[in-house]
Number of protein chains: 2
Amino acid sequence: MAMKRWSFFLDDRSIILASVRLVNYAPFKGAARTTRSPKASERRRARRNIMSGTADRPTVGVVGLGIMGLSYARNLREAGFPVIGFDVAQAPLDALRAAGGEVASSPRAVAEKADVVLIALASVDALKSACGGDEGLIHAIRPDAVVCEMGTFPLYAKEYVQKLFETKGIPVLDCPVSGTGAQAAVRDLVVYASGDKDAADRIRPVFDGFARNTRYVGAFGAGIKLKFVANLLVTIHNLAAAEAMVLAEQSGLDLNMVYDAISDGAGTSRMFEVRGKMMVDEHYLPPQMKVEVYMKDIQLITEFATAVRAPTPLMAASVPYYVAALASGHEAEDTAAIHAVLKEMTQPKG
Amino acid sequence: MAMKRWSFFLDDRSIILASVRLVNYAPFKGAARTTRSPKASERRRARRNIMSGTADRPTVGVVGLGIMGLSYARNLREAGFPVIGFDVAQAPLDALRAAGGEVASSPRAVAEKADVVLIALASVDALKSACGGDEGLIHAIRPDAVVCEMGTFPLYAKEYVQKLFETKGIPVLDCPVSGTGAQAAVRDLVVYASGDKDAADRIRPVFDGFARNTRYVGAFGAGIKLKFVANLLVTIHNLAAAEAMVLAEQSGLDLNMVYDAISDGAGTSRMFEVRGKMMVDEHYLPPQMKVEVYMKDIQLITEFATAVRAPTPLMAASVPYYVAALASGHEAEDTAAIHAVLKEMTQPKG
């Protein structure tokens, strides 16, 4: 039932904003040059051996060394995993090398050595190039490998990756993470693992190398769906916290008292606790999540809700205020800056 | 500044819905028959003695023995306080007597014996009659008494009570409570005490007799303002939880998994944790807070936000769904039934 509803959502679009860093490979050419799939017996033998690589730990490939990917790589190195990584930028490659990781010249070069591949890219175009482009993972993926797509992307993009690697019999897991860049740095992430349960169980030690917890949440795609549900709440609760703070200030209450009292009562949310203090201080830096980056999530959730036919009145009512935050100079601040938008609405003009 | 904004909010209206139990005294006659105020020296002497009444505990009067008032009375009895109470209905009086409390024939009769008066009524009309009506508290209030207005009412109604008792030099505290009827029964409430700080400190043992915690939150009225801020969040978060659950169901996710995962992550709220499970089970009984009763809070918050000039887009967007819950047969269910409203919007008709 739910699957049928997805049908029109599976077309190919990029809704990524201009602000998101793009990886510019050669144009996407699909899963060309796919060679024969390994035999099932080969795959079974390879699987048994996966955890017996260097130092009893599989080699982890990380494609995309942004804030999240680099944190995965660093924490995995610290946990003793061999790591090989790739990014189009030089700085994160230097950082990876400094952390004891190996630097690769392409996703293909990552695939040649990696037992587990973590993909942590910022756009659908980058994802497609890294997987199926001329120098993509697909051309050198090991027969015993497991691929984890970690991003927040539309399901159709995740399914593209799944189908691409299916041609070689490689399991792909949809594994978005819950947590900010700051949380990633201190290994305070939760992985929403979905897809082949055996594969997810097998590579659990890898997840444990960079996340506080891993939840297996169901069939392929359940991870990203759950993330959309969670971020719908994050989107609404952040604006709700701003409303509460503006209401409190307009009624003359002490905002620090309000923060303490609300955090301890029936009105609280994790967002209120995390971002409420930034609102009290009217200081939205450093960003845990920039407004301009979060717009991608907002658009994904909105499209997703429409695709599955879920009426989401508060999500819809939230969007204009995030757009206003973009419009009014808060685009590089934390999403807590939505508070400034509401507050500015109460200021006399002229 | 904020005070000036209140001016037009201070007119006399009753926005209480027909469903709320009303106390029908003789028509309100203002603070008539006010006699001389006690001298300051008398009041000071009386105050020193307040905590040395029967069994070292002051006698507590409870006016209004609904779900909340009766819980206060029972818990205070259990904590060893002499309690005298009044209600227009017979059943709660019997319950009070069974709990070892004394039954009074009018608010006036309560005032004759009470050192501390807790007012826990359900409508502004009832509040006015109980305080200033022919058999109201004002006619017999003791010179050393402290009056606590515990309800969720517009500030103007609270200020009416304050001004009425000011004529006799009696401090009135604005002390709404945070917590449901179920929480009240097990002493799991937080009192938001505002007004005269000395008086609040002095009667703290009384609050401790029926609440888990008391927060002194500021000048008179800060309590009800804080409660409006908290309930704005409760109103929004409850609908947000419903949106999340409907989105999850429409996308084919396992709802118990969603409840567990979201409760543990960045998307959670106290409301999601409290009401999310009722939504998973689609079972909105027994009510912790009935939709029809909560409409009073929704209207109060909406009026308050307009009065203090606070733009509250998500609060405004929430109202139609609560009204729909009223309209579609969920009025006596818990406010979690707003989930049914959204869910019904996804069902094919015909």
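No lab work stands behind these numbers, since they all come straight from the coordinates. From a predicted model like this one, the values you see are computed outputs, not experimental measurements. FYI the Cβ positions are ideal-geometry reconstructions off the backbone, even for glycines, and counts take in every protein chain you see.
Using unit Cβ charges (K, R positive; D, E negative) and no other charged atoms, how large, in debye to the nearest 20, is the dipole of segment B:214-325 about its Cα centre?
700
What are the ³J(HN,Hα) values, in whole Hz, obtained from phi via the Karplus relation 6.51 cos²θ - 1.76 cosθ + 1.60 with θ = phi - 60°, for each residue of segment A:180-196 in sequence order, with x given for Gly and Pro?
So the J values, rounded to whole Hz, are 8, x, 5, 5, 4, 4, 9, 6, 9, 10, 10, 8, 9, 8, 9, x, 3.
With only alpha-carbon pairs counted, each pair once and no self-pairs, how large is the Kirkwood hydrodynamic radius of segment B:225-344 in angstroms?
Answer for segment B:225-344: a Kirkwood hydrodynamic radius of 14.5 Å.
To the nearest whole number, what is the average tally of beta carbon atoms from other chains within 10 Å of the beta carbons of peptide A:268-275?
Average per residue, whole number: 5.
Would you work out the relative contact order for segment A:74-178, in percent, from Cα pairs under 8 angstrom that are 6 or more residues apart?
Reported relative contact order: 21 percent.
Taking amide hydrogens as modeled 1.01 Å from N in the peptide plane, which residues meet the under 5 Å criterion relative to B:Leu173, leaving out close sequence neighbours?
Long-range HN contacts for B:Leu173: B:Val147, B:Cys148, B:Glu149.
Between segment B:119-152 and segment A:229-262, how many Å separate their Cα centres?
First find each Cα centre; the distance between them is then 33 Å.
Taking the label point as lying 7 angstrom from Cα along the Cα-to-Cβ axis, what are the distances from B:Gly350 to the corresponding position in the remaining copies, in ascending order and in nanometres?
Taking the point 7 Å beyond Cα along Cα→Cβ, the inter-copy spacings are 5.7 nm.
Full extension from B:Lys163 to B:Asp94: what is 0.36 nm times the residue separation minus their Cα-Cα distance, to one decimal in nm?
Additional length available on full extension: 21.5 nm.
Using θ = phi - 60° and the Karplus relation 6.51 cos²θ - 1.76 cosθ + 1.60, list the HN-Hα couplings for segment A:277-282 in order, rounded to whole Hz, with x at every Gly or Pro.
Values, residue by residue: 5, 4, 5, 4, 7, 6 Hz.
Given the convex hull of the Cα atoms of segment B:131-218, what is a quarter of its surface area in nm²?
Convex hull of Cα atoms, orientation-averaged projection: 5.9 nm².
Please order A:His283, A:His339 by the number of other Cβ within 10 Å, starting at the fewest.
Fewest to most other Cβ atoms nearby, the residues stand as A:His283, A:His339.
What does the charge count near B:Ala104 come to, summing +1 for each Lys or Arg and -1 for each Asp or Glu among other residues with Cβ under 9 Å from its Cβ? Could you put the intermediate results ahead of the total?
On the way: positive: B:Arg108, B:Lys113; negative: B:Glu102, B:Glu112.
With Lys, Arg at +1 and Asp, Glu at -1, the net is 0.
A:Asp94 label points, 7 Å along Cα→Cβ, one per copy: pairwise distances from this copy to the rest in nm, shortest first?
Distances between equivalent label points, in nm: 8.3.
Fewest first, what order do A:Ile236, B:Ile203 take by the number of other Cβ atoms within 10 Å?
B:Ile203, A:Ile236
For the residues A:Met245, B:Met278, what sequence is obtained by ranking on other C-beta atoms within 10 Å, fewest first?
B:Met278, A:Met245
Hey, can you grab everything whose amide H is under 5 Å from the amide H of A:Val62? Only 5+ residues off in sequence or another chain; H modelled, so Pro and N-termini drop out.
Long-range HN contacts for A:Val62: A:Ile84, A:Gly85, A:Phe86, A:Leu118.
Could you tell me which of the pairs A:Lys128/A:Lys290; A:Lys343/B:Lys343; A:Lys343/B:Lys158; B:Lys197/B:Lys277; B:Lys113/B:Lys197; B:Lys128/B:Lys225 are separated by over 31 angstrom between their Cα atoms in the structure shown?
As for pairs spanning more than 31 Å Cα to Cα, those are A:Lys343/B:Lys343; B:Lys197/B:Lys277.
Can you pull the mean other chain C-beta count within 10 Å for peptide A:297-309?
2
Tell me, what HN-Hα J-couplings in whole Hz come from the Karplus equation 6.51 cos²θ - 1.76 cosθ + 1.60 at θ = phi - 60° for each residue of segment B:284-289, using x for Gly and Pro?
With the stated coefficients, segment B:284-289 comes to 10, 10, x, x, 7, 8 Hz.
Shortest first and in nm to one decimal, what separations exist between B:Leu255 and its copies in the other chains, measuring from label points 7 Å along the Cα-to-beta-carbon line?
Shortest to longest, the spacings are 3.9 nm.
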